[in-house]
Every structure is written in structure tokens, then in C-alpha cells.
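Nothing in this text is a laboratory measurement; each read-out follows from the coordinates by a stated rule. The shown structure was predicted, so the numbers you read here are calculated from the model rather than taken from an experiment. With ideal geometry, Cβ positions are generated from the backbone for all residues, glycine too; neighbour counts draw on all protein chains shown.
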Amino acid sequence: MKKNVFFFLLLVSYMAVAQDTTVKKLQAESGRVIQKDPKDTLPKIWRIGGLYNLNLAQGSLRNWAAGGDEFSLTITSILSLFAFYQKDRHSWDNTLDFNFGFLRTTSLGSRKNDDRFDIVSKYGYAISSKWNLSGLFNFRTQFFKGYTYSTNVKTFASAFLSPANILISPGFDYRPNSDLSIFISPVTARWVIVKNDSISAKGFYGVDPGEHSKFELGAFLTANYLKDINKVLTYKGRLDIFSNYRHNPQNVDLFFSNIFSVKLSNVLSASWNLDFIYDDDTRLFGDNGTSPALQVKSLVGVGLLVKFGQGRER
């Protein structure tokens, strides 16, 4: 009996020593730094990231002899996301932009001053060092109800999918450098959608009164430019031009977006957004509210800027 107890204690001691040795070996292995194989030169085929910009301004007056609104609040925000794929001759660029601005004053009440949801997806196959054979998809609309304002008149003018533009375009993409991309298509299909019944009934966006969509066929060009002017100033621009072969092709539609950003610190920036739109079918202006016109939007702000992801947006 004593001999069996002795062998049992000896076995337990051996197992404890072996377990302690194994644990120490595992701890050493887990703390070891894994060195990258110098032969591993596989490039990253995806770059994903974006930025978020939030500007806020608030003012209030009380017993102010010079006059003015008792309360004012302005909020503008920009969310810009990107996902870029690159492998061999194949590329796939995806961007999403969501802009929203809100204004509230005691005299004007609440209203939006910016609202854009914009998705662009572009596939390219390189046929030379600067030219790609490409296909482009674009979807642009807004989320919230919008109104136009004139003297004592408030007109319901937009809502989700009213209007919305869907564009499908095969063509050629010219990239002379990393800052500039120019896409050209001689044949592009575009659908204008007006889902809201009351907006559709007025025929504001070229859709026949009472109808909810319109098909257009034409030529399309889009140019995108992103440049770091210096260490603190960045410019981002996008120009879209569309000519409808089926109706007044000489009256081209224009969408021109410009963003100037000045870096003030790691998380603060000043920005100027300047947009131009001309659509001959958007007849909301003039004395009688039935004429087209060049639309201009300018927003200046200082606020929070957060960048995230891999690489810079192109």
C-alpha cells in the first residue's frame, strides 16, 4: 500500500512539472514577435475609409436694441465613405456621400439647407497606363422634405425619391495622374424618378404630370479632382455634365460640387462647400415659379473633422 502511494505521488509530481513546463513554453511562444517574410510582397487590393465633418453654430439675443433673431441654430454635416479595389488590370471604385444641413431661427422657423445622398460605383479595366474601359453607376436623391421659399410663399419641392436620378453609363476613364479622373460616355441611360404624388402632379423635374418616372438617353461626362494644395488646404471637386439626346440636347444638365477644407488641428477644420446645379427640366424659379435657373449653394463652417480608414480618398 505504501509503495502504491509513493508511485502515485511521484506520478502527480511529474505531471505538475510537465504542465508547468508546457505553460511556460506557451507563454514564451505567445510573446514572440512574428517577423514579416521579406518575400511577402502581396499588395493590398482593398482600401476602405472616409471622413465625417460636423459644423455647429448657435446664437441668441435678449433685449438686444440693434435687433435680430432671438435664437438661431445651424448644423451642417458631411459623411463621405469610400471603398477602392485594385488588382492587376481590374479596379472598382465605390463612394458614398451624405450631406445634411439644418437651420432654425425664431423668424424663419425650421428648414433644411442641405440634403444629398449620392452613391457612385465605377468598374474599370486598364487598356493602357492612363485609360480604362469602364462602367459607371450613380444614384442620387435626398432623404427629407424640402421647400422653396419666396415672399410669403412656401412651396413643397422635394422628398425622398422625389426627385431621384439613376444613371448607368459605359465609357472610358482617363486618369493622367492620381489627382484627376475624367469619365466619358457617348451613350448613357438615365432615369428621373418622382415618387411623391403631389410633386409629380406639378411636373417640376421633367416628368410628365401624374407620372412617376422618365427615361433619358444621352452623353455623359464626369470629372473628379482631389488635390492637397499644401499641408493644410485640400480641394475636392466633381463636375457632371449630361446631354439628353431625346429632348433639347443643347441644354446640358450641370452638377458641380466643390469642397475647400482647411485643417486647423487634428480634429478641427474650416470648410467651404460651393455647389452649382443647372437642370433645364427643374422649373421652380422665376416670377411665376415655372422657369429653370442656375442653382447655387454656399455653406461655410468650422467644426469637427474625423478621418478614418486606409489611404486617402481619390
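Among the listed pairs LYS263/LYS307; LYS87/LYS263; LYS44/LYS122; LYS236/LYS297; LYS44/LYS307; LYS87/LYS236, those whose Cα-Cα separation exceeds 22 Å are LYS87/LYS263; LYS87/LYS236. Each peptide in 193-202, 155-164 gets a packing score, the mean of other Cβ atoms within 10 Å over its residues, and the list from highest to lowest is 155-164, 193-202. Protection proxy ranking of 63-71, 44-52, by the mean of other Cβ atoms within 10 Å over each peptide's residues and highest first, is 44-52, 63-71.
By the count of other C-beta atoms within 10 Å, a proxy for reagent exposure, LYS307, LYS214, LYS87 are ordered fewest to most as LYS87, LYS307, LYS214.
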